[in-house]
Structure formats: C-alpha cells, structure tokens
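Single-structure report; data block below.
The values are calculated or read from the model by the stated rules, or taken from the named source; none is laboratory data. Bear in mind that the values here come from a model prediction, so they are computed numbers and not experimental data. Note that we place each Cβ from the backbone using ideal geometry, even for glycine, and neighbour counts take in every protein chain shown. With ligands, DNA and RNA removed, areas are computed over all heavy atoms of the protein, side chains included. Shrake-Rupley method; radii C 1.70, N 1.55, O 1.52, S 1.80 Å.
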Amino acid sequence: MIPYGKQEVTEDDVTAVARVLVSDLIAQGPQVEAFERAVAARVGARHGVAMNSATSALHVACLALGVGPGDIVWTSPITFVASANAALYCGAQVDFVDIDPKRWTMSVAALEAKLEAASQTGTLPKVVIPVHFMGEPCDMASIGALSQRYGFRVIEDAAHAIGGRYGNKPIGAGDHADITVFSFHPVKVITTGEGGMAMTNDDTLAHRLRSLRSHGITREGSEMEGECHGLWYYQQLSLGFNYRMTDIQGALGLSQLARLDEYVARRHALADRYDAALSRLPLDLPYRDPKHYSGVHLYVVRLKRHSRREVYDALRARGIGLNVHYIPVHTQPYYRKLGFKAGDFPASEAYYQEALTLPLYPTLSEAEQDQVIAAFHKVLS
Ligand SMILES: *Cc1c(COP(=O)(O)O)cnc(C)c1O
C-alpha cells in the first residue's frame, strides 16, 4: 500500500538521537533550546517555544493571549479538531468561519461579514485561528488588517506550513499574527515523533508560553513573591501544564530541519507532476497562489463527477492509500452537542463531500506517483 504520507528518518537522524539517548540530559535541555533557536532563525521569529505537540502549543497560545470563559475563538471548519479544541480547553466558546470555495482556507469575505455582524451584537472573537490548510497560506494581510479594525488577536495554525512563505517572508515570521504554531507529527513536513512549536516576536507572550508549558513554575528570584529560599526553590505562579518536548525529540527535529528546504522543494515537484497528470480529469486541483510558497503538506483534489466513497474504495483496492482532510469540525458529534448542525457552513460541507487526499511525501518515487496517477485515470474513466 502506498500511504498518503510518511516521514523519512535518515542515518544522520538516528546518530543525532542516539547521541542524546546516552547523554545525561534526555528530557528538555540543550537540544530543545538549540532546535528552538534554529527554527526561530529559519522563519525569522524572535522566539520559538517547543512543546510535546502542536495541540499543546495551540492550547497555551490561547491562554497566553488571555482566552478564558466568556471569550469566543473563531477558526475554519476545514481543519483538524485540535484548532478548535484549543479554545474549548480554555473554557471559551468556539465558532467557525466558512472556507473560500476556491482556496479551501478561511474566507476573508465570510470573516469580514461575520465580524461586522458580531460587532453589532457584542459577540466579537478574542482570537481568530486561520489555518494554512495543505500548507497554502491564508490571506494574512487582510486578516491582519481586520484584527486591527475589530480588535482580535491572531494565532496562525501553520501545522501544514513550515518551510512555506507568505509573500517573500517565511511563514512564522509573524508579520500578521501574534503567535504561529507548527506541528512535528510524523505525517507533517518535518518530525520529532510528536511535537510542536509556538513562534512569536513578543517577549511577554514568549515568557507566558514558556511558563505555561512547565506548570507555571519559575526559578527566577526576580519573579517570585517574597524571598527565594535557596537554589532548590521554585514557585508556581499560574496553572500550567507539562507540555515539554524531550531532548531526544529536539535532536531529531534539529537533524530534520537541515532537510526542510529539500523536503518542501520535493513536495512542490511532486505536486506539479500531479497538476500536469490530472489536469484533464473531472477534478478540481488544489490552488497554489503564485505570490506565496506553500508548504504543500497535502495534495487534495475535489471530485466533480464521481462519488468520493466509490473512488476512495476503488483506489484503496489498487493499493493506493488515500485520506480525507478534513471532516468539517462543526459536524463532529461533540460539536453537534454544542449546538452546531449540518448546513451551518455550506462551503465546507460541500468541500467535504468531494475531497480526497493523494499520497504525497518526500520519499514518494516518481514510479510510485505514476502508479497513483494511472490508478486515478483508470478509476475516473
Ligand atoms: C496535525 C495538526 C494539528 C495538531 O498537531 P499535533 O502536533 O498532532 O498536536 C493541529 N492543526 C492542524 C491543522 C493539524 O494538521
């Protein structure tokens, strides 16, 4: 079976991890710090705060921006559930903004209309979480301008988008967002096994993120209430979590990061091959804005004349491992219990009926890709 995605782990990665495993420090330590500095330098952010997952990073990003009970957070229905769950963990309410029918990311027109309506009823969001779905950047300049006009903060869910660019700036540079979150799950662009990182240019936010990932504890005398009792002493100042990344993972991340540009270039080359080979089939192909550079984490097509279920089953029977990204979050049973229903976000629901994710990963060979293409032609003809 050709999978829809998979990681590459090289000899260099294994050596880097093995070196840490036999060292004195295997939990969060110097490797994690070096990985944070390297990602921050790569994307042009002041701070990187590594965590055990992007989900954890999204959670503490919301907390760092002050999200709590009574607040509202908006995201896209076409995302992994974690983008929305992060706000619920904080006791806030979640709502969604429908997608653009061509780009499949958050529609700026829908966002603007919803903001205008919310400003009339006093229900404006505290935070909006645009998702760079497939790695394709959202219209961040417009979202940034709306955040100024309506007074909300922005967390970019860039789980798919490390290595991409918005205009000529790397995603994560934070020109139009307060915090950007990357994921290092094995299906993503680079991996640490599990892991994530929150990027920010704001010193205060970075400090809150670091504190929240480790129990809200400080060892800095200057931050303590009253006197410091000695070198062993620490104080818990807020209710944080254990969201730390291990040095074993940090070493893997550092080693993988060296191949980031190569990986994204390879993903682009494979996506270009799909574009050319599938262009005459009854499909909508994924849009890539020439002004930006996608991370191309996923290659999604929309079936225009066939049943998605039938095509999915027929291709799987031919050894092609497909996937579907994503089931609209608001249609999940848990979210229905919160009051959402089918019909709430029609562009997202129409998208879901037709969407199919094709195999795409750096070690996918052209011969394997040709197998996928041939099977598609056969099944759709
Ligand atoms: C994978 C993913 C996440 C969660 O990442 P983890 O590192 O697995 O917690 C969040 N948002 C999106 C869009 C994702 O694809």
Q. What distance in nm separates the simple spin-label points at L285 and R46, each placed 7 Å from Cα in the Cβ direction?
A. 4.2 nm
Q. Over the C-alpha atoms of the range 236-368, what are the Rg and the largest Cα-to-Cα span, Dmax, in Å?
A. 19.1, 61
Q: Among DSSP beta bridges whose residues both lie in the chain, state the antiparallel percentage, nearest 5.
A: 60 percent
Q) Considering only G91, H292, I179, whose Cα is most displaced toward the positive end of the charge dipole of the chain, charges sitting on Cβ of Lys, Arg (+1) and Asp, Glu (-1)? A) H292
(Q) Quick check: the angle from helix 108-121's long axis to the longest principal axis of the chain, C-alpha only, nearest 10 degrees? (A) 50 degrees
Q: Please calculate the 1.4 Å probe accessible area of D261, with all protein chains present, and give it to the nearest 10 Å².
A: 90 Å²
Q) Considering only protein heavy atoms, what per residue accessible area in square angstrom results for the range 42-110 with a 1.4 angstrom probe? A) 29 Å²
**Q.** Violating pairs (Cα-Cα greater than 32 angstrom) within the set K102/K378; K126/K304; K337/K378; K6/K341; K126/K341; K188/K304
**A.** K126/K304; K337/K378; K6/K341
Q. What does the convex hull of the Cα atoms of the range 47-146 come to per residue, in Å³, rounded to a whole number?
A. 106 Å³
**Q.** Accessible area of the chain belonging to carbon and sulfur atoms, whole % at 1.4 Å probe
**A.** 52 percent
**Q.** the range 322-381: radius of gyration over Cα atoms, expressed as a fraction of 2.2 N^0.38 Å
**A.** 1.56
Q) Between T123 and D175, what FRET efficiency follows from the Cβ-Cβ distance if R0 is 30 Å, with the result rounded to 0.05? A) 0.60
Q) Going from most exposed to least, what order do H306, H268 have by accessible area with a 1.4 Å probe? A) H306, H268
Q | Gain in span if fully extended, R273 to M1, counting 0.36 nm per residue against the direct Cα distance | A | 95.9 nm
Q) Which ³J(HN,Hα) values in Hz, rounded to whole numbers, follow from the phi angles of the range 306-316 under the Karplus curve 6.51 cos²θ - 1.76 cosθ + 1.60, where θ = phi - 60° and Gly and Pro get x? A) 10, 6, 4, 4, 5, 5, 4, 5, 5, 6, 4
Q. Okay, helix-only estimate at 222 nm for the chain: each DSSP H run of n ≥ 4 adds -39500 (n - 2.57), divide by all residues, round to 500 deg cm²/dmol; what do you get?
A. -12000 deg cm²/dmol
Q) Separation between the E225 and K304 pseudo-spin-labels, each 7 Å from Cα along Cα→Cβ, expressed in nm? A) 6.4 nm
Q) How much solvent-accessible surface does R336 expose, in Å² to the nearest 10, with a 1.4 Å probe and all protein chains in place? A) 120 Å²
Q: Summarise the long-distance tail of P(r) for the chain by giving the % of C-alpha pairs beyond 39 Å.
A: 18 percent
